[in-house]
Amino acid sequence: MPSSVPQPSPADRARSTLVSGGPATVASSAWPSASEPLHLPDTVCHVHPGGEVSLLLPDGHPLLSAEPGAASDGSVVMVEFTDLAPVELRDPVRAMLWLSGTLTVLDSPTARTRALDVVRSDPDDRLLEIGHGRAMALLHPTLLVYSDPDGAHLLHPQEFAAARTDPFSRWEAPWLRHVDSDHPDLLEALTERIPPHLRTGTPRPLGVDRFGLRLRVEGADGDHDVRLAFRRPARTAHDVAAEVHGLAGLAPFGSDLP
């Protein structure tokens, strides 16, 4: 059932999935070996103002040297992105995103122009590597499906283009690993905020965004995800730390939490 607790919209969550750096695969009927999709480990993605999605690929990647008539000349492809939890869990998959559309490989000058469109809102030093070890392939989505524990969501391309990547998407992974490894006392205190029947399980940090913290409770009867809402949307890392301390009933200052 969809949650009534404030959280990013499905389109926002889809945008955030793209910057999580999880694995992806690309498949196209234009390739002779369509049954063997290309794997894109540690995917580097950016969303452009018009909703196009760029993939930064290392020079020599098979996707950049497709034969004429294959995916690189505008044929329809399907890209599957997997959002994995930053901490080691029994079930690490947090969400899936499927994008279908046309994919083209850009020459270096065009790619650099596209990169300038991105850095205004998403500064990323990896964009400087275009022409120096990396190239850019651009996907124009026509069909988008996002799936997470709340259900499957069919997204319109314009809805996706207008969505907002969560400001903590690139920052959450090291922060969650820090909480998981260095602050078991904080996680224990947060169990007072979860339903009583789940408190015998082991709480693990699953995700954080501007609206709240997500916990995965691993118990004998399975896994259960719980969202703990912040009092107000966080704008800075300090806001996140203060809100999480407040949820745990701890003083917001004098802690080594980031």
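Of note:
- Segment residue 126-residue 162, length gained on full extension (0.36 nm per residue, minus Cα span): 10.6 nm
- Using θ = phi - 60° and Karplus 6.51 cos²θ - 1.76 cosθ + 1.60, couplings along the range 38-47 (whole Hz; Gly, Pro as x): 6, 9, 10, x, 6, 5, 10, 10, 9, 10
- Taken about its Cα centre, the range 172-248 carries a charge dipole of about 360 debye when Lys and Arg each add +1 at the Cβ and Asp and Glu each add -1 at the Cβ.
- Distant-in-sequence amide H partners of residue 84 (H built 1.01 Å from N, under 5 Å): 22, 94
- Here the spin labels are modelled as points 7 Å beyond Cα on the Cα-Cβ line, and at residue 140 and residue 107 they lie 1.8 nm apart.
- Modelled spin labels at residue 119 and residue 239, positioned 7 Å past Cα toward Cβ, are 2.7 nm from each other.
- The length gained by stretching the chain between residue 42 and residue 198 to full extension, at 0.36 nm per residue less their Cα-Cα distance, is 52.8 nm.
- Amide H contacts under 5 Å for residue 135, placed H, 5+ residues apart: 57, 59
- Helix axis angle, 172-182 relative to the chain longest principal axis, alpha carbon, degrees: 40 degrees
- Exposed loop positions in the chain were taken to be trypsin sites (Lys or Arg not before Pro) whose DSSP state is not H, G, I, E or B and which have at most 14 other beta-carbon atoms within 10 angstrom. Between these positions, the longest stretch is 1-89.
- To the nearest ten degrees, helix 237-248 and the longest principal axis of the Cα atoms of the chain are 40 degrees apart.
- In a simple Cβ point-charge model (Lys, Arg +1; Asp, Glu -1; nothing else charged), the chain has a dipole of about 620 debye relative to its Cα centre.
- Where labels lie 7 Å past Cα in the beta-carbon direction, separation of residue 223 and residue 84 in nm: 1.3 nm
- Under Karplus coefficients 6.51, -1.76 and 1.60, residue-wise ³J(HN,Hα) of the range 108-118 in Hz, glycine/proline x: 4, x, 5, 5, 5, 4, 4, 4, 5, 5, 7
- For residue 210, net neighbour charge (Lys/Arg +1, Asp/Glu -1) across residues whose Cβ lies under 15 Å away: +3
Quick note: the coordinates plus some simple rules give every number you see, no bench work behind them. Quick caveat: nothing in here was measured; it's all calculated off a predicted structure. Methodologically, a virtual Cβ is constructed for each residue, glycine included, from the backbone with ideal geometry; neighbour enumeration extends over all protein chains shown.
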